[in-house]
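Okay, structure first, notes after.
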Amino acid sequence: MGKLYLVATPIGNLEDITLRALRILREVPLIAAEDTRRTRKLLAKYEINTPTISYHEHNKEEREDALLKALASGDVALVSDAGTPGLSDPGYELVGSAIQHGIEVIPVPGPAAPVAALIASGLPTDSFVFLGYVPRKTAERRALFESLRGEARTVILFEVPHRVRACLVEMETILGGERPIAVARELTKIHEQFLRGSIAEVRQAITAGSPRGEYTLLLGPPLAEAAWPERKVRDRLQEVVKQGLSHADAARKVAEESGWPRNDVYRLGLEGT
């Protein structure tokens, strides 16, 4: 009986693939790919000639039996369009069937858009939750955002370009414009971009441009109420600036002391100039 290898592939930059992943893709008799055309570009770059078969949302039921038969006599590598298979794609269903049939499942880790976006977001990374794609239906989407009002973990979501503006408008309406958020676009590609700030700030930045590419949204936890009153924050900020610190460094220092968000402290500093 063969083994099912879950092989992570690049999410953009084709150099982001491990030596182990390349070895597995060369050695297995068959590669099950979400998009064989996209996978063949990767294989061609590294001169890998392993046969491929499609396995995606629209043919997963008819392909499952064929893949289980292939696994009965040899190894199979499963790859997604990009990143780690099994995350927001039908790969997890094949994994479940393989386990039920006593087939060994082996992860070959590598790129994953949720983790790549999280570590560069500037938001808390000690506790987070990945919720996949934002629901398309309005009622489901609003119900999701309502459920996130008190969520203390960083929330990671995927959204498609043509819906990202409307998504942020609804977030702002339900969760408030001051809630921290980071939006990552085109990760590891030439036009990679991070937008960080409040929901209102990021929504305005995206509205001003033309949404393109693949978006990962990272919603930070609700802001804690400020420990200091505004007058005290303003006074302390003036003291620190007089000590010779730049407005940015002063805002960072006072934010740490007061419990205020750094962006809000910085805004107060600008108002006072």
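The values are calculated or read from the model by the stated rules, or taken from the named source; none is laboratory data. Small disclaimer: the values here were computed from a predicted structure and weren't measured. Glycine also receives a Cβ, built like all others from the backbone with ideal geometry; neighbour counts cover every protein chain displayed.
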Could you please tell me which pairs satisfy a Cβ distance under 7 Å, a separation of 6+ or placement on different chains, a first residue in segment 200-223 that is touching a residue at least 60 places away in the same chain (Cβ under 8 Å), and a second residue that is assigned to a loop (DSSP other than H, G, I, E, B) and of a type in the set (A, V, I, L, M, F, W, C)? Thr216/Leu187; Leu218/Leu123; Leu219/Leu148; Gly220/Leu123; Pro221/Ala152
Could you check, for segment 205-218, whether at least one of its residues is of a type in the set (Asp, Glu) and either surrounded by 15 or more Cβ atoms within 10 Å (Cβ to Cβ) or in a loop (DSSP other than H, G, I, E, B) (or both)? yes
Qualifying residues in segment 1-49 (those that are part of a helix (DSSP H, G or I) and among the aliphatic types (A, V, I, L, M)) - the one farthest from Ala66 (Cα to Cα): Leu19
Does segment 116-124 include one or more residues that are free of Cβ contacts under 8 Å to residues at least 40 places away in the same chain and at negative phi? yes
Filtering segment 56-72 down to residues that are in contact with a helix residue (DSSP H, G or I) (Cβ under 7 Å, 6 or more places away or on another chain) and within 14 Å of Ala33 (Cα to Cα), which residue is modelled with the highest pLDDT? Leu67
If you check Gly132, Gly213, Gly122, which single one turns out to be closer than 25 Å to Ala82 by Cβ and in contact with a His (Cβ under 9 Å, 6 or more places away or on another chain)? Gly213
Select from segment 80-98 the residues that are among the polar types (S, T, N, Q) and assigned to a loop (DSSP other than H, G, I, E, B) and list them in ascending order. Ser80, Thr84, Ser88
Does segment 167-182 hold any residues that are under 18 Å from the mean Cα position of the chain (by Cα), within 10 Å of Ile199 (Cβ to Cβ) and in contact (Cβ under 8 Å) with a residue 60 or more places away in the chain, and which are they? Pro180
Answer yes if at least one residue in segment 156-179 is assigned to a loop (DSSP other than H, G, I, E, B) and either of a type in the set (Lys, Arg) or within 10 Å of Leu219 (Cα to Cα) (or both), and no otherwise. yes
Taking segment 142-158 and the residues there that are farther than 13 Å from Glu172 by Cα and of a type outside the set (A, V, I, L, M, F, W, C), the one that is surrounded by the most Cβ atoms within 10 Å (Cβ to Cβ) would be Thr154
Test Glu140 against the stated conditions and say whether it is at pLDDT 95 or above, acidic (Asp, Glu) and out of contact with any Pro (no Cβ under 7 Å at 6 or more places or on another chain). yes
Of everything in segment 93-127 that's within 18 Å of the chain's Cα centre (by Cα) and farther than 16 Å from Ala184 by Cα, which residue is surrounded by the fewest Cβ atoms within 10 Å (Cβ to Cβ)? Asp126
Could you run through segment 189-204 and say how many residues are closer than 24 Å to Asn13 by Cβ, hydrophobic (A, V, I, L, M, F, W, C) and either at pLDDT below 90 or touching a strand residue (DSSP E or B) at 6+ places or on another chain (Cβ under 6 Å) (or both)? 2
Count of segment 239-266 residues which are at pLDDT 85 or above, exposed (fewer than 15 other Cβ atoms within 10 Å of the Cβ) and part of a helix (DSSP H, G or I): 4
When you check Val105 against the structure, is it assigned by TED's automatic domain parsing to the domain that holds Gly197, among the β-branched types (Val, Ile, Thr) and at pLDDT 95 or above, yes or no? no
